[in-house]
Amino acid sequence: MTEIDCTLYIPNIDRRAQCDTIPGMKTGVLILAAGSGSRFGGDIPKQYVEAAGQAIILHTLAHLATEPRISVVQPVIAAGDRLFAPLLAGRQFPFTLLPPVTGGAERSISMQRGLAALPQDIEMVAVHDAARPLPSQALLTDVLNVAERFGAAVPGLAVHDTIKRIDADGKVLETPARHTLRAVQTPQVARRDWFEQALALESERLHLHTDDASLLEAAGFAVHVSRGDPDNRKITTTADLQWLQSVLDQRNE
């Protein structure tokens, strides 16, 4: 096993904790369903739109149920959401589905509120998009394995297009080497105490973080990339929904 470099020093972080990650940490999932879904449109939030006869969020929960290390799932929903409770009423899962909490205007706020609601014995936390319905068992297994080994992990896919970094006027500043780039997905997984420390250190800048890994990185924690999956696609537009329906139809043939 590769040793974690514990020689780096960053103020206010207990760097020794990065040497203590071990397999078997009790895992909880925050399933984020508080977004507005403005790009998707429609009369209801995208996670409640049906594909192959059931709501997207039900597909998401069914796929999370394939990973036996997940012991609890904490939903984070929008204020005024009246669809979640009746949809989930009476449904059984191999994990404990906790009562939902209300999210905030920013992703990091929603994550922070979900994290605070988890039982105290949860040591590893995975943050997953409710509208990303097809996380495979292999993807879940791999990202948890890498997080248990190193402390934090995100699934990622190799980038095939050439990427340009530009300034405000559109002038190209840099062309990063493609082999150094990954398009990351969820669930994004880390030790609970790392997330808690990162939220405290970045409390004034939570609005700047578009994913959970960037929050950890800004606080000085190392994040590793596990294997992503092209089918672990976030449903953001109606074209994504049509793709999902096609994939599910093929799987049900």
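The values are calculated or read from the model by the stated rules, or taken from the named source; none is laboratory data. Just so we're clear, the structure is a prediction, and the values are computed from it rather than from any experiment. Because the Cβ atoms are built from the backbone with ideal geometry, glycine has one as well, and the counts that use them run over all protein chains shown.
Restricting attention to region 143-160, which residues are among the aliphatic types (A, V, I, L, M), surrounded by 20 or more Cβ atoms within 10 Å (Cβ to Cβ) and in a strand (DSSP E or B)?
Initially, region 143-160 is screened for residues among the aliphatic types (A, V, I, L, M), giving 143-144, 146-147, 152-154, 157-159.
Adding the requirement that they be surrounded by 20 or more Cβ atoms within 10 Å (Cβ to Cβ) leaves 143-144, 146-147, 152-154.
Of everything in region 143-160, those that are among the aliphatic types (A, V, I, L, M), surrounded by 20 or more Cβ atoms within 10 Å (Cβ to Cβ) and in a strand (DSSP E or B) turn out to be Ala152, Ala153, Val154.
Name the residues in region 28-58 that are assigned to a helix (DSSP H, G or I) and either modelled with pLDDT under 90 or not aliphatic (A, V, I, L, M) (or both), would you?
At the first step, the residues of region 28-58 found to be assigned to a helix (DSSP H, G or I) are 46-48, 56-58.
Scanning region 28-58 gives Lys46, Gln47, Tyr48.
For region 182-198, enumerate the residues that are over 21 Å from Pro133 (Cα atoms) and buried (at least 21 other Cβ atoms within 10 Å of the Cβ).
From region 182-198, those over 21 Å from Pro133 (Cα atoms) are 191-198; that's our starting set.
Arg191, Trp194, Phe195, Ala198, listed by residue number.
When you look at Asp121, is it within 24 Å of Gly35 (Cα to Cα) and acidic (Asp, Glu), yes or no?
The answer is no for Asp121.
Select from region 68-82 the residues that are outside any strand (DSSP E or B) and over 17 Å from Asp129 (Cβ atoms) and list them in ascending order. Spell out the reasoning first.
Going residue by residue through region 68-82, those that are outside any strand (DSSP E or B) are 68-69, 78-82.
Answer for region 68-82, where residues must be outside any strand (DSSP E or B) and over 17 Å from Asp129 (Cβ atoms): Pro68, Arg69, Ala79, Gly80, Arg82.
Run Asp81 past the list (1) within 13 Å of Val29 (Cβ to Cβ); (2) of a type in the set (D, E, K, R); (3) touching a Pro at 6+ places or on another chain (Cβ under 8 Å) and report the number of the one that doesn't hold.
(1)
Has region 167-186 got any residue that is in contact with a strand residue (DSSP E or B) (Cβ under 8 Å, 6 or more places away or on another chain), hydrophobic (A, V, I, L, M, F, W, C), more than 28 Å from Leu144 (Cβ to Cβ) and at pLDDT 95 or above?
The answer is yes, given that some residue of region 167-186 is in contact with a strand residue (DSSP E or B) (Cβ under 8 Å, 6 or more places away or on another chain), hydrophobic (A, V, I, L, M, F, W, C), more than 28 Å from Leu144 (Cβ to Cβ) and at pLDDT 95 or above.
Which one of these is within 25 Å of Ala138 (Cβ to Cβ) and either surrounded by 13 or more Cβ atoms within 10 Å (Cβ to Cβ) or of a type in the set (D, E, K, R) (or both): Arg205, Arg251? Break it down into steps so the answer makes sense when it comes.
Working: Arg205 fails: within 25 Å of Ala138 (Cβ to Cβ).
One residue alone meets the criteria, Arg251.
Taking the options Arg82, Arg69, Arg91, name whichever one is under 20 Å from the mean Cα position of the chain (by Cα) and more than 25 Å from Glu253 (Cβ to Cβ).
Being under 20 Å from the mean Cα position of the chain (by Cα) and more than 25 Å from Glu253 (Cβ to Cβ) holds for just one of Arg82, Arg69, Arg91, which is Arg69.
Answer yes if at least one residue in region 127-142 is in contact with a His (Cβ under 6 Å, 6 or more places away or on another chain), under 18 Å from Ser71 (Cα atoms) and crowded, with 17+ Cβ neighbours inside 10 Å, and no otherwise.
yes
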